[in-house]
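The values are calculated or read from the model by the stated rules, or taken from the named source; none is laboratory data. Please read these numbers as outputs of a predicted model, since none were measured by experiment. Counting neighbours? That spans all protein chains shown, and the Cβs are built from the backbone with ideal geometry, glycine included.
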Amino acid sequence: MALPIDPPIWTGELEGTGGAIGAQADDFVVDEVPLYSPSGAGEHLYLKVRKRERTTRELIRAIADATGVPTSEVGNAGMKDKHAVTTQWLSVPARSVTSPESLVLGDGFEVLEVARHTNKLRTGHLSGNRFRIRIVGVNERAEPAARAILAEIEERWLPNYFGSQRFGFGGDNLDRAIAWASGSGGRGRVPPFERKLFSSVLQSEVFNRYVVARLGEGLALPIPGEVVRLEGSRALFVVEDPEQEASRWRARDIHPTGPLFGPKMKEPRGRAQELERCAVGAVALSPEALAKVARSADGTRRDVLVRPADVDLMVDGPDSLVISFFLPAGSYGTLLVRELTRGPFLGDAR
């Protein structure tokens, strides 16, 4: 069985806190930070919903059932964990809701706000997420250990790996995705949702493997042929002369990116291209498999490093800590927790 790579701990030279994320839903709280606020007018109704112990897909189904629209007409900016308390915005055509104030979605869901806007919410229409996570069963030196680790991450940032949630329980989505892409799964027609899921899983595993390899090259300078992103924009370019970019690199005016492979992804050159090809090869993806994925995933670039913001640490009793922080869209809060606890990668999924 193919299993996801186990990324090394970034701050492994420091003492960890031990412990694990608490078992209760309230121990893992996520609040979506939207990319923009509803304007108050338009043909779409935005719903801010709090869910508890429910998946985003279950929430979408509940909204579709309550409003009488197909699930395809329910817009959302991103998926949220199930075993948690989370808030997020979703949208429906305004014509489908005659009385927004009386909208009831069922057990586990609570509508917090309703507002109109001009467009449907789509994947990626969010700035990021605010996390509040309780870590229980920590050791005696947990607070100073955690503060030392967080100071190191403030200085060096955090590898922007995809978390174990992307790979399913026990990581078995990767094996299923490889079987689908290679045509060895023995299944007939695969639903669109699964095709998209399997493509994302394969992109994520290649990205994670690339990040491990890229960090192994060191971060003193860009590597030849690396695709970097300009700070404050989505603009990308290939580094031709690492020394020429040294000052912008050290000032973090440019950021290293890794592959989410697909036909629209900007290609690297040189040493960076070698590392990316090795990452694809390690997942045993043939040209035919890559072409199959390309039909479900356009491809793009993703930052190799991410900087947690608004980090706050609080002691919560004799053997627990509460950490709060913001991460940009697409980054995983469980990976910051793993740096503290040193827990297993596949044990992070909630």
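Given the structure, is Gly18 more than 15 Å from Leu105 (Cβ to Cβ), at pLDDT 95 or above and either buried (at least 18 other Cβ atoms within 10 Å of the Cβ) or among the aromatic types (Phe, Trp, Tyr) (or both)? Answer is yes for this residue. For Glu73, the stated conditions do not hold, so it cannot be described as surrounded by fewer than 20 Cβ atoms within 10 Å (Cβ to Cβ) and farther than 19 Å from Leu121 by Cβ. Quick one: is Glu194 under 18 Å from Cys278 (Cβ atoms), in contact with a helix residue (DSSP H, G or I) (Cβ under 8 Å, 6 or more places away or on another chain) and of a type in the set (Asp, Glu)? Against the criterion (under 18 Å from Cys278 (Cβ atoms), in contact with a helix residue (DSSP H, G or I) (Cβ under 8 Å, 6 or more places away or on another chain) and of a type in the set (Asp, Glu)), Glu194 does not qualify.
For region 64-79, the set of residues classified as β-branched (Val, Ile, Thr), touching a Leu at 6+ places or on another chain (Cβ under 9 Å) and closer than 24 Å to Gln165 by Cβ consists of Val74 only. All of (1) surrounded by 13 or more Cβ atoms within 10 Å (Cβ to Cβ); (2) within 30 Å of Glu143 (Cα to Cα); (3) not aliphatic (A, V, I, L, M) hold for Glu267 with one exception: (2). Residues of region 101-151 that are in a helix (DSSP H, G or I) and either touching a Pro at 6+ places or on another chain (Cβ under 9 Å) or within 21 Å of Asp31 (Cβ to Cβ) (or both): Leu150 alone. Can you tell me which residue within region 80-134, out of those that are at pLDDT below 95 and within 21 Å of Asn160 (Cβ to Cβ), is surrounded by the most Cβ atoms within 10 Å (Cβ to Cβ)? Only one residue tops the list, namely Asp81. Would it be correct to say that Ala272 is surrounded by fewer than 16 Cβ atoms within 10 Å (Cβ to Cβ), farther than 21 Å from Leu14 by Cβ, of a type in the set (A, V, I, L, M) and touching a residue at least 40 places away in the same chain (Cβ under 8 Å)? The answer is no for Ala272. Filtered by the rule that a residue be within 16 Å of the chain's Cα centre (by Cα), not charged (D, E, K, R) and not in a helix (DSSP H, G or I), region 54-82 gives Thr55, Asn76, Ala77, Gly78, Met79.
Comparison of Thr71, Thr87, Thr55 shows that the only residue that is within 25 Å of Phe345 (Cβ to Cβ) and hydroxyl-bearing (Ser, Thr, Tyr) is Thr55.
Can you report the number of residues in region 312-323 which are surrounded by 15 or more Cβ atoms within 10 Å (Cβ to Cβ) and either part of a strand (DSSP E or B) or not charged (D, E, K, R) (or both)? Number satisfying all stated conditions: 5. Quick check, is Ala213 without any contact (Cβ under 8 Å) to a residue 60 or more places away in the chain and surrounded by 15 or more Cβ atoms within 10 Å (Cβ to Cβ)? In short, no. Applying the selection to region 210-248, what residues are over 20 Å from the mean Cα position of the chain (by Cα), within 25 Å of Gly281 (Cβ to Cβ) and in a helix (DSSP H, G or I)? Selection gives Gly216, Pro242.
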